[in-house]
Amino acid sequence: MSRTHAGLKDRTAIVGIGATDFARSAPGSEHELAAEAVLKALRDAGLDPSEVDGLCSYSMEGVGEDELARTLGMGDIGWFARTPAGGGGACATVGLAATAIATGQADVVVAWRSRKRGARASRPWAQTPERVGGLDAFVKPAGLIRPVDEIAMTARRYMHETGATREHLADIAITIRRHAQLNPKALMSDRTLTREDYFAARMVSDPLCLYDNCLETDGAAAVVLVSAERAVDLPRPPVFVHAAAQGISDGSLMMRPFLAEDALRTPAQVCADRLWGRADIRPGDVDVAQIYDAFTPLVLFSLEAYGFCKPGEAAALTPNGGLGLGGTLPVNTSGGSLSEAYLHGYNLILEAVRQVRGTSTAQVEGAQWSFVCSSDAVPTSALLLRGGTR
Amino acid sequence: MILPIVDGADTAPFWDAAREGQLVVQSCGDCGLLRFPPGPVCSHCRSARHEWTPVSGDAVIWSFVVAHGPTLPEYAEYTPFPLAVVTLAEGPQLRMVGNVLSGQDARLNSFGADDLAIGDPVRVAFRKLADDVSIPVWVPALPAPGD
Ligand SMILES: [Zn+2]
């Protein structure tokens, strides 16, 4: 029942989006960045902060709901929630907000993420304590410390089993960089990336090199959701939340799916089963996709998990601009986490909305069905957004 | 080096055994299923009874990476060095993370990317990191006589 339950279908819409500039190092605090992004999103929606009665963010978010509400004069707040698992929870903030609105718990929900991670010293792995407990005790003393090591571990096995190679990872990095070059707000908008650059780059965790890694970024992004009924009265064309889903795969652990017996059955496969079960369309009907790309292999995992190709054949989608504008499935059209900004996947949600509105800097002509997913190495989530009338 | 907390209530028997040069995992006190990493309940029969059981120490490489910098200072002098996930001979549900070394006291970078392959057989050894800490590491297994 729950796998195919269509209770949320098109009942809510994203009516406002907003983001700060993205930078390696921004002067403001996370609190200031969040306030700026949320105000922009509300202005875009044509709503006053005092109309907000629901708030949703990540469990890792540093700015409290109470702080944000007080800072922006939102008044009383009647619903709030957080989603776990870092970058896996991005789309889930929208799914939760939609659920709150559809079940009458809130009328206007703001969901957001703000982050200051540009400085290396601010990265969590650089602050590992001298003694670690829990699962870390069995992982970190050997030197498996950084997220990139964990992803590279699963990636090499995936490459071994499917025949995907570094050429395919290069295709992904280069295609997404080309999209960033069309987006003046992208951190890498004026930096080309050639195949030669890719293969000349230093390795970080073999088989992954520098360009397989996202850009640690300072910035914030926010969205505003209301009911479908209310959305049609607001200034922007509504972007309906057609379907939302989450997933944890059997036995997988955060960033360590390799500890599951069936380690290549990723969280996204569970999420996909539910997303498509609740949707009116099939993967082949999607016009444009924003796929969580903190590391290039995650794009392969997600393409496969969400059914954009047959099992094990994601690499066949990447050559010859297959993931670029005019290709089989344009992905990460604003530059993604690899080349626009790494905001735990929140900028991907904004780009999914822009595509349906027709306002992307790498617009897929006539895009009506926009897919966006969160990290496929942790408990994850995904959304299917659509334009047009309800 | 980062060290494990070795006196935790759920994990102390693992580290006590490692100090003695023995690899142990939890085994369910009711159905006998072996499990690692440790946990409070058997995921198969949901029994909370368990004991710690020695395993052979034979494993194969499930996957590996070669870590280059930047990393923490105490590991940086060894980069690039390999890290592996191995599957224990006792079952596909038993995976461990560890260094792959030419011997238990070898430098972390005693092997490179070209020396390892998925599926390679390895054997456990123990590397002393502190007076109270030895961690399992993996050494390529010699082919058995007759292979
Ligand atoms: Zn049992």
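A few points about this structure:
- All of (1) within 16 Å of the ligand (Cβ to nearest atom); (2) in contact (Cβ under 8 Å) with a residue 12 or more places away in the chain; (3) away from chain A (no Cβ under 13 Å); (4) closer than 22 Å to A:Ala137 by Cβ hold for B:Leu94 with one exception: (3).
- Number of positions in segment A:123-138 that are at pLDDT 85 or above and of a type in the set (Lys, Arg): 1
- Unmet requirement for B:Glu74, which otherwise passes all of (1) in a helix (DSSP H, G or I); (2) closer than 16 Å to B:Val124 by Cβ: (2)
- Segment B:38-71, subset away from the ligand (no atom under 16 Å from the Cβ) and either free of Cβ contacts under 8 Å to residues at least 24 places away in the same chain or among the hydroxyl-bearing types (Ser, Thr, Tyr) (or both), residue farthest from the other protein chains (Cβ to nearest Cβ): B:Ser56
- Of all residues in segment A:142-156, those that are facing chain B (nearest Cβ under 8 Å) have Cβ atoms under 6 Å from Cβ atoms of residues that are part of a helix (DSSP H, G or I), 6 or more apart or on another chain, in A:Gly143/B:Tyr75; A:Ile145/A:Trp125; A:Arg146/A:Trp125; A:Met153/A:Phe258; A:Thr154/A:Pro257; A:Thr154/A:Phe258.
- Screening segment B:26-37 for residues that are assigned to a loop (DSSP other than H, G, I, E, B) and within 14 Å of another protein chain (Cβ to nearest Cβ) and picking the one that is nearest to the ligand (Cβ to nearest atom) gives B:Leu33.
- Subset of segment A:94-122 that is part of a loop (DSSP other than H, G, I, E, B) and farther than 26 Å from A:Gly54 by Cβ - its residue that is modelled with the highest pLDDT: A:Arg117
- When A:Trp125 is tested against the conditions (1) in a helix (DSSP H, G or I); (2) farther than 30 Å from A:Glu36 by Cβ, the lone failure is (2).
The rows are residues; the columns are (1) surrounded by fewer than 24 Cβ atoms within 10 Å (Cβ to Cβ); (2) hydroxyl-bearing (Ser, Thr, Tyr); (3) not in a loop (DSSP other than H, G, I, E, B).
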{"site": "A:Thr175", "(1), (2), (3)": "no, yes, yes"}
{"site": "A:Phe199", "(1), (2), (3)": "yes, no, yes"}
{"site": "A:Ser205", "(1), (2), (3)": "no, yes, yes"}
{"site": "A:Arg230", "(1), (2), (3)": "yes, no, yes"}
{"site": "A:Pro235", "(1), (2), (3)": "yes, no, no"}
{"site": "A:Val241", "(1), (2), (3)": "no, no, yes"}
{"site": "A:Ala244", "(1), (2), (3)": "no, no, yes"}
{"site": "A:Ser249", "(1), (2), (3)": "yes, yes, no"}
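- A:Gly312 falls short of the stated requirement of being in contact with a helix residue (DSSP H, G or I) (Cβ under 6 Å, 6 or more places away or on another chain), in a loop (DSSP other than H, G, I, E, B) and under 23 Å from A:Ala186 (Cα atoms).
- B:Val133 vs. criteria buried (at least 21 other Cβ atoms within 10 Å of the Cβ), at negative phi and among the hydrophobic types (A, V, I, L, M, F, W, C): no
The values are calculated or read from the model by the stated rules, or taken from the named source; none is laboratory data. Just so it is clear, the model here is predicted, and its values are computed rather than measured. Neighbour counts run over all protein chains shown; Cβ positions are idealised from the backbone, glycine included.
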